[in-house]
Every structure is written in C-alpha cells, then in structure tokens.
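Enquirer: Submitted below is the structure of interest, expressed as structure tokens.
Here, each number is a calculation from the coordinates, and none is a lab measurement. Small disclaimer: the values here were computed from a predicted structure and weren't measured. Glycine also receives a Cβ, built like all others from the backbone with ideal geometry; neighbour counts cover every protein chain displayed.
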Amino acid sequence: MKRTKIRSIGIHALLVISILIISLPVILALIISTQTETQVMSYPPELLPGKNMVNNYVSAWNAVNLGRMIFNSAVIAFGVIIGKIAMSLLAAFAFTHFEFKGKNLLFGIILITLMLPVPVRIVALFDVITKMHWIDTYMGLIIPFWASATSIFILIQRFKTVPSELIDASKMDGCHPMQYFFKVLLPLTRSTIGALVVINFIYIWNQYLWPLMATNSKEMRVVQIGIKMLMNTESSNNWGVIMAGVIITMIPPLLVFIVMQESFMKGFALQSEK
C-alpha cells in the first residue's frame, strides 16, 4: 500500500514537472509582457512580474492596430472553417455512401495533395488570385484553404463507423440521401466536427506566409504579421510590448479551445477507438 502511494506521488510529481516545462515559454512570455525594457534586458534575468503591464498591453494594441488584425484573423478563420468543413462533409458523404466511376482514383488524387502544402503551390496560387483580383480581399485569404484532404480523410473514417442499419432504417422511413445526411449523419459526427473546428481555427490563426503575400494594405493584415510588425528592426526591440502582443493574440484560439474542449476531446477519443 505504501509502495503504491509513493508511486502515485512520483507519477503526479512527474506530470506536474512535465506541464511546467511545456508551459514554460508561455509563462516567460507572460512575465516579460509585464516588465519594462530595462527589466527585460537585465542580467541575471528577472523572473518576477513587473509593473509595466498596462503600458505594454496598451502599446501593443495601439502600435499596429492589433484590434483590426484580430478581427481580420477571426473573419478569415471562421470563413475557412465554414467552407472547409462544409466541403469536406459533402465530399466524405459522397465517398462513403455513393458509388461512381473513378471513385478510388479521385480519392487517391485527394490524398496525394497531402504532400503539397501551401508553400509548395503558393506561386501558382498567387497567380490565380491575382488574375481573379482577390489580392487584399477576404476571398483571397479564405477560399484557397477550403479544399482539405486531411478533413475529408478524417470524416470518411468517421462516417465508416456509422452502422449500415441506420441507412436501411432511414430508407424505410422515406428519407432521401440529404435528409439522412442532415438528420442522422451530422448529429452523429458532431464531436469530430468540433475537433476539426479547433484544429483548423488554430491552423488558420497561425498562418503567416500566405496572408503576407496576399495582402498589401495594413487594413487587411492578420495577427501573425502584426507580431512581426511589433519587432522594430531599426532599433532595439521592446520585448515587453512584443510579448504583450503575443499574449493578446493567444487569447482567441484559447477561447475557441475552451468552448469546444468537450467536442475536441470526444472527437479524438472516437478516432482512437477505431
């Protein structure tokens, strides 16, 4: 009994230490965001919060119009999520519930696109949106991310776990395919959709390269570009202000994760059970 208790204490201590190590960069960023420039550059470094928190956060917010950038990133993220999940749901539904010529070939082509991330096709993509006059528009920042082989693959695997008896029962009740899709399949896939919402929101929120190429005006910039703009390359960087900006931009993804946490965990639990 005593040995079991000691083992339990050791495991919990190891978990606490691991969490502290993993969260150390965020803790340091939070501490630095409250310090003056002198405190940040002092040696040995000060590891206690400073008294310049309000000034740093106000400066970060006003220096690059961070509020506008957060709005842009939120619009882009939710626009991508709505379009990407809608297209992925319909594609996965077609692949799992219908038979058509070239089905396996088409699915193979979709999987091949997993090897072509945005940086690889970015020049051709830039040329397309330039010809469509989508530079400096939400359309140019949102639509290129709608097609997603990863989301389609995950939803296909989820749809395959739905019992075939439900399809037969819906047919006996007179449901046509789209009624079955909306009334049966979507409610059963809610947790997986929630997990995809969290993953895609964080992925789009952290985009830097494509928004940098697809926008010219400051009004269309996103938060990741805003963080870079806070770094003044002509003089010494005020890391207190920069870290304040980093902390501010972390809040929206954190809120999305907190709101969607239950669905996120259930979605991954369902994927691991298969």
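Enquirer: With a 10 Å cut-off between alpha carbons and a GNM built on the chain, which of ILE21, ILE152, ILE70 moves the most?
Expert: ILE21
Enquirer: How high is the relative contact order of the range 54-273, in percent, counting Cα pairs under 8 Å that sit 6 or more residues apart?
Expert: Details: 199 pairs, mean separation 78.9, N = 220.
Relative contact order, the range 54-273: 36 percent.
Enquirer: Still on this structure, please answer the following. When Lys and Arg each count +1 and Asp and Glu each count -1, what net charge do the other residues less than 13 Å away from ALA147, Cβ to Cβ, add up to? Each step should come with its number before you reach the end.
Expert: Numbers: positive: LYS84, ARG121; negative: none.
That sum, taken over residues with Cβ under 13 Å, equals +2.
Enquirer: Any idea what Rg and Dmax come out to for the chain if you just take the C-alpha atoms, in Å?
Expert: 23.6, 75
Enquirer: Taking +1 at the Cβ of each Lys and Arg and -1 at the Cβ of each Asp and Glu, which of ILE21, ILE129, LEU116 sits farthest along the dipole of the chain towards its positive end, judged by Cα position relative to the Cα centre?
Expert: The one lying farthest along the dipole's positive direction is ILE21.
Enquirer: Now, a different point. Placing +1 at every Lys and Arg Cβ and -1 at every Asp and Glu Cβ, with all other atoms neutral, what dipole size does the range 54-273 have around its Cα centre, in debye to the nearest 20? Walk me through the intermediate numbers first.
Expert: Numbers: 15 positive and 10 negative charges, 37 e Å.
Computed charge dipole of the range 54-273: roughly 180 debye.
Enquirer: For the chain, what does the helix formula give at 222 nm: sum of -39500 (n - 2.57) over DSSP H segments with n ≥ 4, over the residue count, nearest 500 deg cm²/dmol? Kindly include the intermediate steps, with their values, before the conclusion.
Expert: Working: 15 runs with 191 residues, N = 274.
Taken over the chain, the calculation gives -22000 deg cm²/dmol.
Enquirer: Another one. Could you tally the net charge around ILE11, taking each other residue with its Cβ under 13 Å from the Cβ of ILE11, Lys/Arg +1 and Asp/Glu -1?
Expert: Numbers: positive: ARG3, LYS5, ARG7; negative: none.
Net local charge, ILE11 excluded: +3.
Enquirer: Here's something else I'd like to know. Going by Cα centres, the range 135-180 and the range 75-108 are how many Å apart?
Expert: 6 Å
Enquirer: Right, next: If one takes the longest principal axis of the Cα atoms in the chain, at what angle in degrees, from 0 to 90 and to the nearest 10, does the Cα axis of helix 190-205 lie?
Expert: Once rounded, one gets 40 degrees.
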